[in-house]
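Take a look at the structure below.
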Amino acid sequence: QVQLVESGGGLVQAGGSLRLSCAASGRTFSNFAMAWFRQGGEFVAAISWNANNTDYADSVKGRFTISRDKAKNTVYLQMNSLKPEDTAIYYCAADRYRRAWTLDRTGQRYPYWGQGTQVTVSS
């Protein structure tokens, strides 16, 4: 059974940092793109299967960094300079296509989703 489990969420003051993790089990996602979304289906960031390509929403560009550790079957989202408007439940997702050339922002290409982790940024 495929599972994506997010962790690392919490309460932080504006300007602070958090690092989210998404650990996959049940299969390896080393050849699949991974992404982060937040509640409401808002795209946050995506990383290609080989980590050569990344994509970010304009609202987080320059503040968030997506990365992956294939050996650990884990993807990360480093969030710096957090703002109250970043408050949301954050979900990780895995692509359906092996070694895809493009990254998807719509969410439609991701059949696997985690349960989410809450991030709250206080002002």
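Over all directions, how big on average is the projection of the convex hull of the alpha-carbon atoms in the chain, in square nanometres?
6.6
Accessible area per residue for the chain in Å², computed with a 1.4 Å probe and the full protein assembly in place, what is it? Please list the in-between numbers first.
Values: 6180 Å² over 123 residues.
Heavy-atom accessible area per residue stands at 50 Å².
Region 1-72 to region 100-123: how many Å between their Cα centroids?
7
Using only the Cα atoms of region 1-45, each taken as one equal point scatterer with no solvent, compute I(q) by the Debye sum, divide by I(0), and report log10 of the ratio at q = 0.13, 0.16, 0.17, 0.32 Å⁻¹.
Debye output, listed in q order: -0.39, -0.58, -0.64, -1.22.
Considering every Cα-Cα pair within region 51-123, what fraction, in whole percent, is farther apart than 14 Å?
Within region 51-123, distances greater than 14 Å cover 69 percent of Cα pairs.
Could you list the square roots of 5 times each eigenvalue of the Cα gyration tensor of region 29-88, that is, the equivalent ellipsoid semi-axes, sorted largest first and rounded to whole Å?
That gives 21, 11, 10 Å for the three semi-axes.
Give, in nm to one decimal, the length gained when the segment between residue 1 and residue 78 is fully stretched (0.36 nm per residue of separation minus the Cα-Cα distance).
Value of the extension gain: 25.0 nm.
The values are calculated or read from the model by the stated rules, or taken from the named source; none is laboratory data. Fair warning: this is a prediction, and the values are worked out from it, not measured in the lab. All accessible areas refer to the heavy atoms of the entire protein, side chains included, with ligands and DNA or RNA removed. Shrake-Rupley method; radii C 1.70, N 1.55, O 1.52, S 1.80 Å.
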